[in-house]
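The values are calculated or read from the model by the stated rules, or taken from the named source; none is laboratory data. Keep in mind that this is a model prediction, so the values were computed, not measured. Glycine also receives a Cβ, built like all others from the backbone with ideal geometry; neighbour counts cover every protein chain displayed.
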Amino acid sequence: MKHKVILFYKYEHIAHPAEYVADTKIFCATHNLTGRVLIAHEGINGTIEGDPDDVESYIDWMRKEERLNFLDVDFKDSTGIGDAFPKMKVTLKKEIVHLGLSDDVDPHKLTGNYMEPKELNELIHSDEEHYIIDMRNTHEFAVGRFVNSIDPGMKHFRNLPDVMDKIKGLKDKKVVTVCTGGIRCEKASGYLKSQGFENVSQLQGGMHRYIEQFGGDGWEGSLYVFDKRKVVPPEVGHTVVGKCSLCGAPNENYRDCELSTCGGHFIGCDNCLGVDGEPYCSTGCEVIGLEQKVA
């Protein structure tokens, strides 16, 4: 492995987050690390890429931090590509994952039961009634998800309160919240409990840990990631469930719409590129794009 990517988070009270932001920036710069780290009073959330030795040095540095209890942080790793991130960004935030209800939803005080990947795998293969609710964005769900899981239809995690009507009928059912690495489903499970859901669990370690252990068993497609790789398929049991948004052909190649005013992020196959070989999310965007070029 020439380059390693680690994904991690922890809800841990940080008394002086600005100081830790500054320290993290210095450490990452001196070890040639790139990625994205969010730090707030409620904790830390990050994805980092670098030489495996430098990444391990960062892990050791975090765990030895005397001001904070980071000994039990779950660092999930995968193979990097060397330029998954253009630079290192360490940012001070109000929340490490934005729900907009930080005063009402505190994972330190209210959250669901932790469910290990093995428990979820057994549940998936059992006859017990259960509902897996995906707490990621719809475009993440489109390219990979747990079999028979529910997509509430969120464009952003902060939309969770807006989609509650779609899942409110499950308040008395066995519910498992899931997401990429665990950070969103941990906060979401607490929010569901605050809304009257009685039997709520969250997937410990997220989809990343599940796929690492069980591959495509109970899972279909690839895992969406927020870096240049876009998607990471399971090593065992990989299937393609994503579909080109233009022609519907099986595909999991994410692209950004060429039209700058659109900002669309979509799955598009090579056969559906524009006449100039550029990606447009729709024929409407392509027409506008071509008109702009002529003008």
Flag for LYS76 being in contact (Cβ under 8 Å) with a residue 40 or more places away in the chain, within 24 Å of SER189 (Cα to Cα) and either assigned by TED's automatic domain parsing to the domain that holds GLY205 or touching a His at 6+ places or on another chain (Cβ under 6 Å) (or both): yes
Number of positions in segment 178-191 that are among the polar types (S, T, N, Q) and under 18 Å from GLU212 (Cα atoms): 1
Lone qualifier among GLN213, GLN195 - being among the polar types (S, T, N, Q) and under 24 Å from GLY46 (Cβ atoms): GLN213
All strands (runs of 3 or more DSSP E) inside segment 100-191 with 1 or more residues being at pLDDT 95 or above, touching a Lys or Arg at 6+ places or on another chain (Cβ under 6 Å) and in the same structural domain as GLN213 (by TED's automatic domain parsing): 131-134
Residue selected from segment 215-224 under the condition surrounded by 19 or more Cβ atoms within 10 Å (Cβ to Cβ), touching an Asp or Glu at 6+ places or on another chain (Cβ under 9 Å) and not polar (S, T, N, Q), by the criterion farthest from ASP127 (Cα to Cα): TYR224
First in segment 33-60 and assigned by TED's automatic domain parsing to the domain that holds ASP74, second anywhere and of a type in the set (Asp, Glu) and surrounded by 23 or more Cβ atoms within 10 Å (Cβ to Cβ), Cβ under 8 Å, 6 or more apart: LEU33/GLU49; THR34/GLU49; GLY35/GLU49; VAL55/GLU49
Segment 23-64, subset among the charged types (D, E, K, R) and over 20 Å from LYS93 (Cα atoms), residue farthest from the chain's Cα centre (by Cα): LYS64
Test for SER78: is it assigned to a helix (DSSP H, G or I), among the hydroxyl-bearing types (Ser, Thr, Tyr) and either under 26 Å from VAL200 (Cβ atoms) or at pLDDT 95 or above (or both): no
Where GLY264 falls short, out of the listed (1) surrounded by 17 or more Cβ atoms within 10 Å (Cβ to Cβ); (2) at pLDDT 95 or above; (3) out of contact with any His (no Cβ under 9 Å at 6 or more places or on another chain): (2)
Among residues of segment 100-119, those that are crowded, with 18+ Cβ neighbours inside 10 Å and either basic (Lys, Arg) or closer than 20 Å to TYR224 by Cα (or both), counted: 1
